[in-house]
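Have a look at the structure below, then the notes.
Coordinate-derived values only; no laboratory data. Since the structure is predicted, the reported quantities are computational estimates derived from the model, not experimental observations. Here Cβ is always computed from backbone atoms with ideal geometry, including for glycine, and neighbour counts include all displayed protein chains.
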Amino acid sequence: MAVLRLVLGDQLSDGLSALEGLEPGVDTVLMAEVRDEATYVRHHKQKIALTFAAMRNHAERLAARGVRVRYVRIDDPDNSGSITGELDRVLEGGGYDRVVATECGEWRLAEHLAGFAEGARLPVEIREDRRFLCSHDRFRRWASGKSQLRMEFFYREMRRETGLLMDGAQPEGGRWNYDAENRKKLPRGVTPPARLRTPPNATTRVAIADVERLFGDHFGSLEAFGWPTTAAEAEAVLAHFLEVILPSFGDWQDAMAENQPWMWHGLISTSLNLGLLDPLDVCRRAEAVYRAGRAPLNAVEGFIRQILGWREFVRGIYWLKAPEYRVRNFLDADRALPWFYWSGETDMACVADAVKTTRDNAYAHHIQRLMVTGNLALLLGVHPDAVDDWYMAVYADAYEWVEMPNTRGMALFADGGIVGSKPYAASGAYIDRMSDYCGGCRYDVKSKSGDAACPFNRLYWGFLERNRGRLRDNVRLAMPYRTLDGFGEARRAALAAEAEACRTLLGATPRD
Ligand code: FAD
Ligand code: DLZ
Ligand code: SF4
């Protein structure tokens, strides 16, 4: 009774449900590099190279354990170009009586696989992805009957359920959340420590060459590739982070600095999303560092919240609301994405730096994604489809289940308040407070209008004015709207015109 077991490019975990019960020498694992997955968005070159290299390494590891692996390379002349096409190709040869897969991370591919299962002549079993801490069912039960879904309350449940950072029934230290201590600006003279990057191993070097040859016109550079492509490499990066970086993670969690792409962040999202690291293990080990007295509670709680809270919460939202979530546009945003999101050619120092690290590293840290490129797209009123496409195309860790709630929800408020309770709209003052960008910028962060003024300032009030009908009743925006109302009609009209001029200047023109 041979079973064909499908392993996708982001399912590279030893304990994957699709491999449970595998009989070496009898069953076959199918892994396929396919054009559909590499091009359904024009992923950053580093993301494709990372995925192919990690898939190849994983296949070798399985084979070394005696598992029969059918591995299809991207340049195999008979490659059908799709996952379902590759399943068909194997099954044509006969010899299997069942297909087993683990559910897909993305709705798009899950639909393709469901269609395949429906038309297949043999049973197709799709198993739960147990690498997450909260199952779809569990999330649905938590969400059921609630008028508002807030990460903070979900996170508390997850803390209780996992026992992470708990002191009996109470949160460790008496508080659930130490965010208030995690908003410090980086003082002059303090620089982030050197990071452990992962130079490409032999397999990765071949994958990089393949990607340059086959996807050379995709966005991004491969030169500085430094992502782990094996579980062992991922472990080394994690171990370095836990011992050296984590103690200061909390203090500088929201800070930004020019030419400092990593700050004190973990650099583990690619490994978590591919399955090279296990989220619960990462959280437990961070907790152990705290219990051993080697990192303070604000750092460890803040870090665990990102994984146990945000990562699980956004996945829950994605699957709870898909596919309808993908077309949400609460603010009726309708503008094109300015070209400098791709080229980096802008005088806005904060944006230029965020795009530079995005191009060079397929990475930008959370505050750059949210408060620089995300905030700007929000204020400009860029259509969420264009913004989603960009975030999916430019980051090595981009998967729709995590990208979309963050982009459409958290950054753009296009979901009308499912992920966050208010838009993260901010003027230049926020960026000035949290970074050293403004000092060297051609724009004046203190100035509110005119061509020399910081564009975030020029756009901010116009954004509120434009969306008055949709946002005026949001209690968390009561203060800025009161200020805006106090300006009087003529000034409000001038602010709206100022924002409009800035949108045009920056190339956020109406979409075709
Ligand atoms: P750290 O800051 O060290 O955080 C540790 C881990 O926590 C991360 O590796 C990640 O797994 C998790 N995490 C942190 N914040 C979030 C969050 N908001 N949502 C979910 N998980 C989180 N993350 C992705 O993995 N893929 C994406 O495609 C993605 N798109 C984003 C788009 C926007 C607009 C925004 C605002 C955020 C996005 N994020 C995404 C979340 C976050 O920015 C990245 O997970 C983080 O920058 C990865 O770097 P790190 O490993 O150094 O993170
Ligand atoms: C991201 C990605 C890429 C670039 N290529 C492949 C591939 O060739 N074969 C594969 O099985 N998976 C790939 N992936 C990961 C898939 O896109 C991912 O499994 C789905 O989007 C579901 O999350
Ligand atoms: Fe960014 Fe404005 Fe500061 Fe320039 S002045 S770096 S555009 S926030």
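Under 5 Å from the amide H of Arg127 lie the amide H atoms of Ala101, Thr102, Glu103, each residue being 5 or more positions distant or on a separate chain, with H modelled from the backbone and absent for Pro and chain starts.
Among the listed pairs Lys146/Lys184; Lys45/Lys321; Lys184/Lys448; Lys185/Lys446; Lys45/Lys185, a Cα-Cα separation exceeding 22 Å is found for Lys146/Lys184; Lys45/Lys321; Lys184/Lys448; Lys45/Lys185. As a rough footprinting exposure proxy, the listed residues His240, His44 were ranked by other beta carbons within 10 Å of their own, and the order from fewest upward is His240, His44.
Rounded to the nearest 20 debye, the dipole magnitude of the chain is 1500 debye, with +1 charges on Lys and Arg beta carbons, -1 on Asp and Glu beta carbons, and the Cα centre as origin. Comparing Asn361, Gly168, Ala2 along the charge dipole axis of the chain, the residue lying farthest to the positive side is Gly168, per the Cβ-charge model.
Taking amide H as placed 1.01 Å from N in the peptide plane, the amide H of Arg98 sits under 5 Å from that of Leu4, each at least 5 places away or on another chain. Sites counted here are GluC sites (Glu not before Pro) in a DSSP loop (not H, G, I, E or B) having no more than 13 other Cβ atoms within 10 Å; the longest part of the chain that contains none of them is 346-512. Looking at the range 399-489, the trypsin sites (Lys or Arg not before Pro) that sit in a DSSP loop and have at most 16 other Cβ atoms within 10 Å of their own Cβ are Arg442, Lys446, Lys448, Arg472.
Rounded to the nearest Hz, the phi-derived 3J(HN,Hα) couplings of the range 224-240 under the Karplus curve 6.51 cos²θ - 1.76 cosθ + 1.60 (θ = phi - 60°) are 9, 3, x, 9, x, 10, 9, 4, 5, 5, 4, 4, 5, 5, 4, 4, 5, where x marks glycine and proline. With a simple spin-label model that places each label point 7 Å from the Cα along the Cα-to-Cβ direction, the separation between Asp97 and Ser221 comes to 5.7 nm. Over all projection directions, the Cα-based convex hull of the chain averages an area of 25.1 nm².
The H on the amide N of Val382, modeled in the peptide plane, is under 5 Å from the matching H of Arg335, each at least 5 residues off or on a different chain. Loop sites by DSSP among the chymotrypsin sites (Phe, Trp or Tyr not before Pro) of the chain, restricted to those with at most 15 other Cβ atoms within 10 angstrom, leave 41-338 as the longest stretch without any of them.
Taking the fewest neighbouring Cβ atoms within 10 Å as the starting point, the ordered list for Cys350, Cys441 is Cys441, Cys350.
Ordered by the number of other Cβ atoms lying within 10 Å of each residue's own Cβ, fewest first, Ser343, Ser135, Ser17 fall into the sequence Ser343, Ser135, Ser17.
Along its first, second and third principal axes, ordered by size, the range 340-505 spans 46, 37, 27 Å in Cα coordinates.
Here r is the Cβ-Cβ distance between Glu500 and Val475 and R0 is 25 Å; the resulting FRET efficiency, rounded to 0.05, is 0.35. Derived scalar couplings between HN and Hα for the range 8-18 equal 7, x, 10, 10, 8, 10, 4, x, 4, 4, 5 Hz in order, rounded to whole Hz, by the Karplus curve 6.51 cos²θ - 1.76 cosθ + 1.60 (θ = phi - 60°), x for Gly and Pro. Magnitude of the charge dipole for the range 340-505, about its Cα centre and with charges confined to Cβ atoms of Lys, Arg (+1) and Asp, Glu (-1), is about 660 debye. Couplings 3J(HN,Hα) of the range 142-152, computed from phi: 5, 6, 4, x, 8, 7, 9, 9, 10, 3, 4 Hz, in residue order, whole Hz [Karplus 6.51 cos²θ - 1.76 cosθ + 1.60, θ = phi - 60°; x for Gly and Pro]. Which shape class, rounded, prolate or oblate, goes with the range 189-229 when its Cα gyration tensor gives a ≥ b ≥ c as root eigenvalues, a/c under 1.5 marks rounded, and past that a/b bigger than b/c marks prolate? Here the range 189-229 falls in the oblate category.
With a simple spin-label model that places each label point 7 Å from the Cα along the Cα-to-Cβ direction, the separation between Ala236 and Asp281 comes to 1.7 nm.
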